[in-house]
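Values in this text are rule-based calculations from the coordinates and carry no lab data. The model shown is predicted, which means the values in this text are computed figures rather than measured ones. Every residue, glycine among them, receives a Cβ derived from its backbone with ideal geometry; neighbour counts consider all protein chains shown.
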Amino acid sequence: MSTRVAFIGTGEIANKHALSLRAVKDAALVAVCDIHQGRAEKFAAQHGAKKAYANAEQMLQTERPEVVHILTPAHLHAAPAVLAMESGADVLLEKPLATTVKECQDLESACARSGVYGRVNHQLVYSPAFDKMRAMVKACKFGRLNHVSVLFAVSADNLKSLPPSHFVFQDPANAVLEFGVHPLAMVQDLMGGVRDCKVMTTTERGGLPTHWQIAFECERGTAELTLLLGRGGKQTLLTVSGEDASAMLDMNRQTILVQDMNPHLIYGQVETAVRDAGRLLANGVSGLAAHYQNAFRLTSGMLRMDPFARSVAAFYRERQDKTGSVGLQAAREVIEYCDAAAQKYQRSMAVYA
Ligand SMILES: NC(=O)c1ccc[n+]([C@@H]2O[C@H](COP(=O)([O-])OP(=O)(O)OC[C@H]3O[C@@H](n4cnc5c(N)ncnc54)[C@H](O)[C@@H]3O)[C@@H](O)[C@H]2O)c1
């Protein structure tokens, strides 16, 4: 029998969850809930859910879903997620886990108390290229890792598409919670927990900071996050620097380029070019195949290339092992790093004021 799935929140991101759910074997969206009943009904009709509700508690009691996706705005995750956990459902939350450390702790407690599985959709750590990068780091392909740097650029179009009432515009530091969690989850995965950070921001025309430069001291080395807001296109570049080599991952293209410290300057360049060309060609062919599989709605294409679909599918595998609230603990730590950066930002603003 299929796993009974329900969504709470049927806005923008819910569409991606519904598409990703198609790639999950034996899972069916049975009901959705949105405080705007009409929105929930329209969404249910579009995505084949049988019932639409305006009240989450009522939906949970009537439908008894085994899995609930929490897709409400960032600052409204905690209450419906706790309700879902207490109803006995495993919960996949959209990022960020919550917007305060206290709410994250409450969610962790509710998850442990209810004995359910919970995880946050930090999809970039489930991308095929990041999987490869993690495996290369673990296999010591670059020697001991010293430093990770991430450029995370949020496109101007993405920012413009958000209403003025959006969470991200309510406080300058909310940008780190809304967008910074994606690159920080990758930093955490590769370098371990963050111990300290330093923050520098640039603000254009008296508005929100559009350029965040955050330096982190982590358990296994240092890291740096450049967060650019609305200053061009969407871009995520992650560079790892090890004792023997460096490598750059391009999230848009799902490619990795390795720069090793080859002592043969001339032959080394040719060797690197041939190796990278081969890798890029293989990547391109694989991407093209996945694109056509997607176009024909073959889920194997989505699972091969799309980080979002892979993250959702992984959740359904992980919940079988009932690995407790480990997923939430890691996500809570990410919020603690965001919180530390926000506090440093506020302190620096106080100095300028
Ligand atoms: N993983 C990603 O790449 C990614 C991308 C965009 C957004 N997100 C996250 O997804 C979440 C939702 O973002 P969105 O862009 O879809 O927002 P949205 O505003 O488009 O949709 C949120 C929906 O939740 C509904 N809602 C609010 N409170 C509710 C409640 N108590 N019960 C039921 N419904 C309720 C709203 O009416 C709205 O329809 C946010 O946490 C955001 O950060 C993640």
- So how far apart, in nm, are the two label points at residue 336 and residue 286 if each is 7 Å from Cα heading toward Cβ? 3.5
- Query: Considering every Cα-Cα pair within the chain, what fraction, in whole percent, is farther apart than 34 Å?
  - Reply: 29
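Quote to one decimal, in nm, the extra length available between residue 258 and residue 79 on full extension: 0.36 nm per residue of separation minus the C-alpha distance between them.
Full extension of this stretch gives 60.0 nm more.
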- Note on the structure: Taking a ≥ b ≥ c as the square roots of the Cα gyration tensor eigenvalues, with a/c under 1.5 meaning rounded and otherwise prolate when a/b beats b/c or oblate if not, region 76-190 comes out oblate
- Task: Check each of the trypsin sites (Lys or Arg not before Pro) in region 159-254 and keep only those in coil by DSSP with at most 16 other C-beta atoms within 10 angstrom; list them in order.
- Result: 205, 220, 231, 234, 253
- Round to the nearest 10 and give me the degree value, 0 to 90, for the angle of helix 12-21's Cα axis relative to the longest principal axis of the chain. 90
- Using alpha-carbon positions, the gyration tensor of region 115-160 gives root eigenvalues a ≥ b ≥ c; with a/c under 1.5 called rounded, otherwise prolate if a/b exceeds b/c, else oblate, the class is oblate
- For region 44-86 and region 124-179, what is the separation of their Cα centres, given in Å? 27
- Listed peptides 88-96, 161-169, 211-219, 133-141 by packing density, highest first (mean Cβ within 10 Å): 88-96, 211-219, 133-141, 161-169
- Computed about the Cα centre, the charge dipole of the chain from +1 Lys/Arg and -1 Asp/Glu charges at the Cβ has a magnitude in debye, to the nearest 20, of 700
- Task: Excluding residues on the same chain fewer than 8 positions from residue 141, give the aspartates and glutamates whose Cα lies under 13 Å from its Cα.
- Result: 243, 244, 260
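Full extension from residue 22 to residue 270: what is 0.36 nm times the residue separation minus their Cα-Cα distance, to one decimal in nm? Mind showing how you got there, number by number?
Numbers: separation 248, 0.36 × 248 = 89.28 nm, distance 4.41 nm.
84.9 nm is the gain from fully extending residue 22 to residue 270.
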- Query: Within the set 16/42; 95/198; 95/234; 25/322; 16/95, which residue pairs have Cα atoms separated by over 20 Å?
  - Reply: 95/198
- Message: Please compute the contact order of the chain in relative form: average sequence separation of alpha-carbon pairs under 8 Å and at least six residues apart, divided by the residue count, as a percent.
- Response: 20
- Message: Across region 3-116, what fraction of all alpha-carbon pairs, as a whole percent, falls in each successive 10 Å bin from zero upward?
- Response: 16, 51, 30, 4
